[in-house]
Structure formats: C-alpha cells, structure tokens
Amino acid sequence: MDATDIAFRLGLATLVGLALGLDRELRGISAGIRTHAMVAMSSATITISALILFHELNGLTNSSPDPLRVVQGLAQAIGFVAAGAIFVSKGDVHNLTSAANIWLAAALGIAAGAGQVALVLIGAGFGILIISLVRLVERVIPGSDKARRD
C-alpha cells in the first residue's frame, strides 16, 4: 500500500464522515461534522495500520496476525462512544440517531481503511438518505412524534 492509496482511503473516510455529520451539525447537535469526520478517519487509520502490520508481520512469527481483531476492538470502542452520546431526560431518550450515525461513520471508516470503496459509497449513500430524507417523511406520518416536534 503506497502513500497515494493511504491518502485516498483516509480522504474517502473523512469525506463520508463529513457528509454524515452535516445533518447533525445543521440541527445544532454536538456530534456534528468534525466528530463524524474524526471517527470515520480514525477508524480508517487504525484499519490501514492493521493491514500494513499484517503484511509486515505475516510469516515472521509462528502465529498469523489477524487484522480482524482491529475491527472487533473498534466496534467495542465505538459502542462506548455512541453509548456516551445517548442520554435520558424527563423520560425521553435523546441522541439515539446521533449515536447510530457515529456508529455508521466508524463502520464506513473501517471499510474505507480496508479499501472497500463500493461498500463505503453505497453505505454512505444509504446513511445520508436515512438521516435526511427519512426525517422529512417522518414529519408527515400521522401520529409520529416527529410530526409534533422537530
């Protein structure tokens, strides 16, 4: 993996994170553009590092290095970050969508770091569709909480 490939993968993760965070930023939610971009880019960085280490260490030891452990560790870490974004106030749960959006930014960062461009672009497309267009549809659903507030 050369520097151009690394820059492309990190750039892709960052752009997807920025796009996912835009809706949150426009709505004044603290986990906005910078948070999502940093989560996606850092996930990509860790994934790229794991892949590079795998190629460097493969065959040098009796056991084979396993880059999938990095994905497992990232999933656990992002679970804590996302859970920290959720809070309950007066019986209402807040920031569930932001937590899910942060989780998606991490997943797309992992995929970008692994060089899975089609997965990143399709996942980002669906994520952006869900975070923006579905909110508009929720407003017109009779009886929806979003129809009364938001």
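The values are calculated or read from the model by the stated rules, or taken from the named source; none is laboratory data. All values derive from a computational prediction rather than experimental measurement. Here the Cβ positions follow ideal geometry from the backbone for every residue, glycine too, while neighbour counts run over all protein chains shown.
Remarks
- Residues of region 48-72 satisfying the condition of being within 22 Å of Gly84 (Cβ to Cβ) and either in contact with a Gly (Cβ under 9 Å, 6 or more places away or on another chain) or of a type in the set (Val, Ile, Thr) (or both): Val70, Val71
Rundown of residues vs (1) in contact with a strand residue (DSSP E or B) (Cβ under 9 Å, 6 or more places away or on another chain); (2) without any contact (Cβ under 8 Å) to a residue 40 or more places away in the chain; (3) over 14 Å from Ala114 (Cβ atoms), yes/no style:
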| site | (1), (2), (3) |
| --- | --- |
| Gly11 | no, yes, yes |
| Val39 | no, no, yes |
| Ser43 | no, no, no |
| Val88 | yes, yes, yes |
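- Scope region 57-73; condition at pLDDT 80 or above and assigned to a helix (DSSP H, G or I); matching residues: Leu68, Arg69, Val70, Val71, Gln72, Gly73
- Qualifying residue in region 74-96 (condition: at pLDDT 85 or above, surrounded by 14 or more Cβ atoms within 10 Å (Cβ to Cβ), among the hydrophobic types (A, V, I, L, M, F, W, C) and not in a helix (DSSP H, G or I)): no
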